[in-house]
1. Hey, Ala97 hits all of (1) out of contact with any Asp or Glu (no Cβ under 7 Å at 6 or more places or on another chain); (2) closer than 16 Å to Met74 by Cβ; (3) of a type in the set (A, V, I, L, M, F, W, C) but one; which does it fall short on?
2. Write out, first by first residue and then by second, each pair whose Cβ atoms fall under 6 Å of each other, whose residues are 6+ apart or on separate chains, and whose first residue, in the stretch 197-215, is of a type in the set (A, V, I, L, M, F, W, C) while the second is open to solvent by 70 Å² or more (accessible area, probe 1.4 Å).
3. Can you name the strands (runs of 3 or more DSSP E) wholly within the stretch 62-159 that have at least 1 residues being charged (D, E, K, R), within 29 Å of Asn43 (Cα to Cα) and open to solvent by 30 Å² or more (accessible area, probe 1.4 Å)?
4. Condition check: open to solvent by 40 Å² or more (accessible area, probe 1.4 Å) and more than 24 Å from Ala106 (Cα to Cα). Does Gly194 satisfy that?
5. Quick one: in the stretch 197-235, which of the residues that are in a helix (DSSP H, G or I) and charged (D, E, K, R) is surrounded by the most Cβ atoms within 10 Å (Cβ to Cβ)?
6. Could you grab me the full set of residues in the stretch 71-121 that are within 14 Å of Ala146 (Cβ to Cβ) and either of a type in the set (Val, Ile, Thr) or free of Cβ contacts under 8 Å to residues at least 12 places away in the same chain (or both)?
Amino acid sequence: MKKCGKVFRQTAILAACLLPLLSAPAHAERIKDLASIQGVRSNQLIGYGIVVGLDNTGDQTTQTPFTTQAMSNMLSQLGINLTQEQSQKLQLKNVAAVMVTANLPAFSRPGQAIDVTVSSMGNAKSLRGGTLLMTQMKGADGQVYAIAQGNILVGGVGASSGGSKVTVNHLSAGRIPGGASVERSVPSAVGQGGVVYYELSESDFGTARKVVDAINSSMGPGTAQAIDGRRIAVR
């Protein structure tokens, strides 16, 4: 009898330990965390520009001839024509050649402002205090999608004295928040044909089936259909 009572107490303790696990709610994932809509993505933009207004920390033009060439081309567009000899003699310590990059978000429209990153491509010591002149931002197809211009914010700090030099973070790259204005929108094929496609971040037939079941139970039978282990079509 004592042995049966001991077994009963052990069983009761085990059941009490397992009860919270059995009653715990099932963990649910949101579809937006598991999949993305096909065709909805950002596009990379790039441009070549000139930064002016630097405090003698710009390119050494004798070693970066593309800086003087870019300045000559820009001045000619403004009605100032320099001879080849004059262009070669330019010593522009307050000017730097830079590459300008940005991500064009999906569904961007003309007039929308986007952030840009400005990075020195020559031997400029620092871009702090510089201003990026009007720069065309092009996509992979060579079309202009945005125009960038503005004052550069550099997160680094540098100081030198008595032959010693201290630099914190990076001085040859910076950002311009809202520094580019979108000029052209990217066409999107989302929703054409009456179907939107979800793409799972990882191919899995079980997850695809669960996503289809969740959509159909919420929106009605036949709304979603799995194309394969990664793609789901939604009417």
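The values are calculated or read from the model by the stated rules, or taken from the named source; none is laboratory data. All of these numbers come straight from a predicted model, not from anything done at the bench. When we count neighbours, we look across all protein chains shown, and the Cβ atoms used for this are built from the backbone with ideal geometry, even at glycine. Accessible surface areas use protein heavy atoms only, side chains included; no ligands, DNA or RNA. Shrake-Rupley method; radii C 1.70, N 1.55, O 1.52, S 1.80 Å.
1. So Ala97 meets the others, but not (1).
2. Close Cβ pairs satisfying both conditions: Leu200/Arg230.
3. Per the criteria, 113-120, 131-138.
4. No; evaluated as a whole, the condition is false for this residue.
5. Here the residue is Lys210.
6. Correct list: Val100, Thr101, Ile114, Val116, Thr117, Val118.
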